[in-house]
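The structure under discussion appears below in the form of structure tokens.
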Amino acid sequence: MCRHLAYLGPPVTLRSLLYDPPHSLVRQSWAPRDMRGGGTVNADGFGVGWYPGTGGDDGRGGAPVRYRRAGPIWSDPTLPELAAVTTSGAVLAAVRSGTVGMPVQESAAAPFAEGRWLFSHNGVVRGWPDSVVGPAGDLPVRDLLTLDAPTDSALLWALVRHRLRAGASPTGAVVATVREVAAAAPGSRLNLLLTDGVSVVASVWGHALSVRADDGTALLASEPVDDAPGWREVPDRRWVRAGPDGVHVGELD
């Protein structure tokens, strides 16, 4: 599978999210606690996206910046120094375990991006690609020709993005995409993360997600990054929205 997280709150260093916690995302890349559905490590690429605060001083304004690579996050020589000096109030990061048959390349690593949006997928689409020919057929041909990579995650991003472009709310775009793909490809694992730097929407479908929220801070992660109190696991088949108005949970089916 993969591991991912999203953070909203006061500006913090990337290092405090990716490296410092005892069960940080970097540690999850080689020692994950929950890899249901296959895989043992997340070594097929990684990425981190953050909002530099061009629209204000809270790290949530403007378009996001991304740093992605095709190799394991633990082997990257540049990220530790970059993470130590980069701060943001909105971050989305992921480490990848590529599904057999899908390419290992930088463009296949989350977060995917367009405009103010960042997106990640933790899971797998069963029966790929035949199972999702129907949903893919509803996309504009140009979107299919310009997928970030020939992977299930890139297609999921294209489906979510298409709905956002058509005016759907972030929650609506994620929920509709999960429902459509789950119906077309039973047994899929569809944990999605979507953020615009102000709020985060997540889905829990077939895999784990935990949330910790307090004092204007929200952290959503495939696995808790520490043993601090306040973590709660989101039940399966739920959506989660975190933002200035707090954390809200609803049913996906």
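The values are calculated or read from the model by the stated rules, or taken from the named source; none is laboratory data. This structure is a prediction, so every number in the text was calculated from the model and none was measured. Note that we place each Cβ from the backbone using ideal geometry, even for glycine, and neighbour counts take in every protein chain shown.
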Here are some conditions: (1) buried (at least 16 other Cβ atoms within 10 Å of the Cβ); (2) at pLDDT 95 or above; (3) assigned to a loop (DSSP other than H, G, I, E, B); (4) not charged (D, E, K, R). Pro52 meets all but one. Which one does it not meet? (2)
Looking at the range 214-236, which of the residues that are surrounded by fewer than 16 Cβ atoms within 10 Å (Cβ to Cβ), outside any strand (DSSP E or B) and charged (D, E, K, R) is modelled with the lowest pLDDT? Asp215
Looking at Val181, Val174, Val200, Val204 in this structure, which one is under 13 Å from the mean Cα position of the chain (by Cα) and free of Cβ contacts under 8 Å to residues at least 60 places away in the same chain? Val204
Residues of the range 103-124 being surrounded by fewer than 19 Cβ atoms within 10 Å (Cβ to Cβ) and either assigned to a strand (DSSP E or B) or modelled with pLDDT under 95 (or both), which ones? Pro103, Val104, Glu114
Which pairs have Cβ atoms under 9 Å, sit 6 or more apart or on different chains, and link a residue in the range 121-144 that is of a type in the set (Phe, Trp, Tyr) to one that is at pLDDT 95 or above and part of a helix (DSSP H, G or I)? Trp128/Asp152; Trp128/Leu155
